[in-house]
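Heads up, the thing below is written out as structure tokens.
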């Protein structure tokens, strides 16, 4: 391999790379849409979005850039019925924080990551509560925020298991390429 | 792709986050300022996703139906058993009822029993709760052609509700049996012993003055008594329940907390009435 220039990227390989780069955003959006189907569990929508954004921000930040987070937040706000902008802000903040602590988080065991994610979930639930209060100028009931926190923390293992498998498969494909 | 120098690109990437957060706040303001736009955006997204939803709903619906079918099959056995048992019991009751009917016919023939005339009644809508002198009373709106009298009996669809106490041209007031001023002669159906039903302003009126040594039994049916000529005998009132304080109360059949229509019966009785009612000429001859 030494001394030989890298072969120029063919069309197929470029397509492959693009597909892989877009994969996290597309799966996240797809999961969100599936969750919000009437037969699904619409109230779990923020939990799914939060789990996906957190996971990809920590393990594959290149594919989950701030603009993508913005898009996911917008999608969440439009699919759900929270005031517009709350989802965007929370997901952006989660992305920023996860990115900052990513070097620490990547080395931890799943259990520790889960615990930290639960902290994130509590923070986002509280932030959402505050934002809804400010935007509606009315104190909303506390129960939905608690439910959202519980759903976020509870859904994370399932999401993480699925995404870890996908992540590994992608990494294998990248090693081969 | 535009070629940028590395420091510039780093600076740009560091700038994205604050800019996007500012944009998020901007979106919030936009959502607050222009709700129509947000609504339109949501509907556009829903329109786009509707086919996906339809596709997903198909298998989910099928699965749910299958599960429901299974559960239904499982419950059918138990249901069948229960129905068979019930059918048997009902057959026994039917036999008993037929025997009673025959016996009743026989007795009637022997006694020259004259059945009571069918009581006529008017329905009236309840338009207001309480008001007036009493704590538990309702105001009825009466059609102009209908003439009510004091002392007529008001029943809802399940049982005794009260008596008419005041009559106007288009309205009448009914004193409910739960009012403190209400005293109703009743009969305990099991022991045939007389008692008074006294209102307490609470949900359940109390029983008073039952015969010595025959206390009302829990669960016994309470019906009106013809004593004093105010009520006909046998109107359903309620069921005896002993309270925690050791007082016999009556759980009424009538749902007095949600009255909407009352039937005002004219049994042609003029029992004990307030004095001025006696002076007033009767609009209807006594039967």
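Specify which of the listed residues (A:173, A:125) is surrounded by 15 or more Cβ atoms within 10 Å (Cβ to Cβ) and touching a residue at least 24 places away in the same chain (Cβ under 8 Å).
The conditions single out A:125.
What number of residues in segment B:31-50 are assigned to a helix (DSSP H, G or I) and either exposed (fewer than 11 other Cβ atoms within 10 Å of the Cβ) or more than 7 Å from every other protein chain (Cβ to nearest Cβ) (or both)?
Residues that pass the stated criteria total 12.
Return a yes/no flag: does segment A:67-81 have any residue that is surrounded by fewer than 20 Cβ atoms within 10 Å (Cβ to Cβ) and either farther than 21 Å from residue A:26 by Cβ or in contact with a strand residue (DSSP E or B) (Cβ under 7 Å, 6 or more places away or on another chain) (or both).
Among the residues of segment A:67-81, at least one is surrounded by fewer than 20 Cβ atoms within 10 Å (Cβ to Cβ) and either farther than 21 Å from residue A:26 by Cβ or in contact with a strand residue (DSSP E or B) (Cβ under 7 Å, 6 or more places away or on another chain) (or both), which makes the answer yes.
Output the residues belonging to segment A:129-165 that are closer than 18 Å to residue A:28 by Cβ, touching a helix residue (DSSP H, G or I) at 6+ places or on another chain (Cβ under 7 Å) and surrounded by fewer than 17 Cβ atoms within 10 Å (Cβ to Cβ).
If the condition is that a residue be closer than 18 Å to residue A:28 by Cβ, touching a helix residue (DSSP H, G or I) at 6+ places or on another chain (Cβ under 7 Å) and surrounded by fewer than 17 Cβ atoms within 10 Å (Cβ to Cβ), then A:157 is the only one that fits.
Go through segment B:246-267 and give me each residue that's assigned to a loop (DSSP other than H, G, I, E, B), surrounded by 17 or more Cβ atoms within 10 Å (Cβ to Cβ) and more than 20 Å from the chain's Cα centre (by Cα).
Correct list: B:267 only.
Return yes when residue B:11 is part of a helix (DSSP H, G or I) and closer than 18 Å to residue A:79 by Cβ and no when it is not.
In short, no.
Which of the strands (runs of 3 or more DSSP E) found entirely inside segment B:89-186 contain at least 2 residues meeting this: modelled with pLDDT under 85?
The qualifying strands (runs of 3 or more DSSP E) are B:120-129.
Listed residues B:243, B:182; which is crowded, with 18+ Cβ neighbours inside 10 Å and over 20 Å from the mean Cα position of the chain (by Cα)?
On inspection, the qualifying residue turns out to be B:182.
Hey, residue B:83 hits all of (1) within 25 Å of residue A:131 (Cα to Cα); (2) at pLDDT 90 or above but one; which does it fall short on?
It fails just one condition, (1).
For the structure I just gave you, tell me whether residue B:19 is surrounded by 11 or more Cβ atoms within 10 Å (Cβ to Cβ), at the interface with chain A (Cβ under 9 Å from one of its Cβ atoms), closer than 29 Å to residue A:80 by Cα and over 45 Å from the mean Cα position of the chain (by Cα).
Criteria met by residue B:19.
If you go through segment B:52-64 one residue at a time, do you hit one that is modelled with pLDDT of 90 or more, within 10 Å of another protein chain (Cβ to nearest Cβ) and more than 38 Å from the chain's Cα centre (by Cα)?
no
Can you name every residue in segment A:92-114 that is more than 9 Å from chain B (Cβ to nearest Cβ) and within 28 Å of residue A:138 (Cα to Cα)?
Answer for segment A:92-114, where residues must be more than 9 Å from chain B (Cβ to nearest Cβ) and within 28 Å of residue A:138 (Cα to Cα): just A:94.
The values are calculated or read from the model by the stated rules, or taken from the named source; none is laboratory data. Note that the structure is predicted; figures quoted are calculated from it, not measured. Every residue, glycine among them, receives a Cβ derived from its backbone with ideal geometry; neighbour counts consider all protein chains shown.
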